[in-house]
Amino acid sequence: MLHHHHRSPLDLDHDTMRRLGHRVADVVAEHLATLREQRAFSRFPQGGDAWRRDVSPPRDGQEFETLLDHLRGNVFRHAAREPHPGFVAYVPSCPTFPAVLGDWLATGYNFFAGAWQVAEGPNALEALVLDWFRQWTGMPEGTRGLLTSGGSTATLIAMVAARHAVVGEEADRISRLTVYLSDQTHSSAVRAAWIAGVPRAQVRMLPTDADFRLVPNAVEKAIAADRARGLIPFMVVANAGTANTGAVDPLGAIADLCQRERIWFHIDAAYGGFAVLTPVGRRALAGVERADSVTIDPHKWLYVPFECGCLLAREPGRLYSMYHIMPDYLRDAAAVGEAVNFADYGEQLSRYSRAIKVWLSVSYFGVDAIAEAIAESLSLAPHAETLVRADPDMEVLAPATLGILCFRVRPRGLSDPQELDALNERIVEALREEGRFFISTTRLGGRLSLRICPLGFRTTRGDMEELIGAVAVLARQAQGHAAGRRLPADSPVAG
């Protein structure tokens, strides 16, 4: 008996798929190859309602080329270009092209990486990649974890597991939990505590020292005070590179403290962690191997695209006892022996294979080349710092640490705090307007600071020179305007 298989209209033929795939490859390659000529940042035109168009979905299909043109012309251009050499705001994500292709392979094959037995190959690859990270951070054998959507999820998974380990399901005890972090800790850790059920007033944001680091003694005092009030301290979150200044908390001393107090020690190394591949980073992050759990983001400094975070846990059984669940329809997928169901270690059942992009990129270039790129970008913030210190109209607010520099324009003769803030705000806006550089700001000790984080592998020392040069020019222009107010109206430099 003959079976006639009718092709679904959604099932494209081989040649069509190749043609469309090649078009996308061309568009992405052209975009990445011409980044330097593009703006680092652009948004919708002022007052533009461009994004409100096309409110109803099309009833009939349209040509792929037309759709691609629409995306390129009206959608993609209104965004920051994270992989641009001038994008030094926030913590940039600058993926390699093989990593981008790894994502395409993962979604093209559409592996289901939640349960071991439906994708043994890709899941084994994830276990391998996690062990690379374990080796790099120096954590002990037996450390396991999972790749996540990002640092926020990784920290949340650890926070909920720590809560479960300490109070289980006892609701009255959950309301007595306290967690300790510094006032420089990433907002995701605060949010994780809220979601984990820690009352907001019991999320202890402790002040930092002059170098923006958590003070172990202050943590110890806070824990003692909370225990005396009948509260239950259950986790300390330390930073291995704050997003603000790159500061690394005294990890060894905090590890000692957590050991004495029997408290879960979590390290947020979301952006800083992969610096351990370099001698400078290894020294800076000494002690990271003593954590109970570590958040580390390949989509930051390991050069893979969003989304890719990671949680490593010294005792993965603590994750398992929180997250393991076995409904009837998953009975077939129970993991045995070395097999691991990643769904048993976090919040996500349907998850795609984030390991492929990591494995492909690291294997294509080799660890040495990637470590070299990290070392090179680690040298950029110190180079920029030297340039800032050489300019009498600028000052360093937080020295270059783990690739981040905080500084501001402070023209001689201008000391009013509000005027200085406003001036630096204007300089950031002017830079963004010009389009070659995109930098961010933060507040340090109440002062508005310019902040750069040059992590992308396309960014060079020359870019640092151009950037600090551009800031200097804008500062002088602004100073001219300020000076103009005090000059007689007929002065040649007035206005």
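From the alpha carbon centroid of region 1-49 to that of region 420-450 is 36 Å. Magnitude of the charge dipole for the chain, about its Cα centre and with charges confined to Cβ atoms of Lys, Arg (+1) and Asp, Glu (-1), is about 1020 debye. Taking amide H as placed 1.01 Å from N in the peptide plane, the amide H of Arg144 sits under 5 Å from that of Ala313, each at least 5 places away or on another chain.
Its relative contact order, with pairs defined as Cα atoms under 8 Å and 6+ residues apart, puts the chain at 20 percent.
Sequentially through region 439-454, phi angles give Karplus couplings (6.51, -1.76, 1.60; θ = phi - 60°) of 10, 10, 10, 8, 10, 10, x, x, 9, 6, 10, 6, 9, 10, 9, x Hz, Gly and Pro residues having no value and appearing as x.
Rounded to the nearest whole Hz, the Karplus-based 3J(HN,Hα) values (6.51 cos²θ - 1.76 cosθ + 1.60, θ = phi - 60°) of region 114-128 follow the sequence x, 10, 4, 6, 8, 7, 4, x, x, 5, 5, 5, 5, 4, 5, with x at glycine and proline. Karplus-derived 3J(HN,Hα) values for region 82-94, using 6.51 cos²θ - 1.76 cosθ + 1.60 with θ = phi - 60°, are 4, x, 5, x, x, 8, 10, 8, 6, 10, x, 10, 10 Hz; glycine and proline are entered as x. Label region 101-365 by shape, choosing from rounded, prolate and oblate, from the square roots a ≥ b ≥ c of the eigenvalues of the Cα gyration tensor; if a/c is under 1.5 it is rounded, and otherwise prolate applies when a/b is larger than b/c, oblate when it is not. Oblate. With the charge dipole of the chain set up from +1 on Lys and Arg Cβ and -1 on Asp and Glu Cβ about the Cα centre, the Cα lying farthest toward the positive end among the listed residues Ala475, Ser152, Met326 is that of Ala475.
Peptides 195-207, 291-303 ranked from most to least packed by the mean count of surrounding Cβ atoms within 10 Å: 291-303, 195-207. Once C-alpha pairs closer than 8 Å and six or more residues apart are averaged by separation and normalised to the residue number of region 379-483, the relative contact order reads 29 percent. Among 404-411, 380-387, 448-455, the peptide with the highest mean count of other Cβ atoms within 10 Å heads the list, and the full ranking is 448-455, 404-411, 380-387.
Select one label from (1) 83, 30, 19; (2) 40, 35, 21; (3) 44, 27, 20: the one whose number is semi-axes √(5λ) of the Cα gyration tensor in Å as derived from the coordinates shown. Recomputing semi-axes √(5λ) of the Cα gyration tensor in Å here gives the entry labelled (2).
The H on the amide N of Gly309, modeled in the peptide plane, is under 5 Å from the matching H of Thr148, Ser149, Gly150, each at least 5 residues off or on a different chain.
Highest average first, the peptides 364-374, 137-147 ordered by how many other beta carbon atoms sit within 10 Å of their residues are 137-147, 364-374.
Once backbone amide H atoms are built at 1.01 Å from N, Met394 has Arg410 as its partners under 5 Å, excluding neighbours fewer than 5 places away on the same chain.
Rounded to the nearest 20 debye, the dipole magnitude of region 101-365 is 540 debye, with +1 charges on Lys and Arg beta carbons, -1 on Asp and Glu beta carbons, and the Cα centre as origin. Based on Cα contacts under 8 Å between residues 6+ apart, region 101-365 shows a relative contact order of 31 percent.
We did not get these values from a lab; they are worked out from the coordinates using the rules stated. In this text the structure is predicted, and so the values were computed from the model without any measurement. Cβ coordinates were reconstructed from backbone atoms using ideal geometry, including for glycine residues, and neighbour counts include every protein chain displayed.
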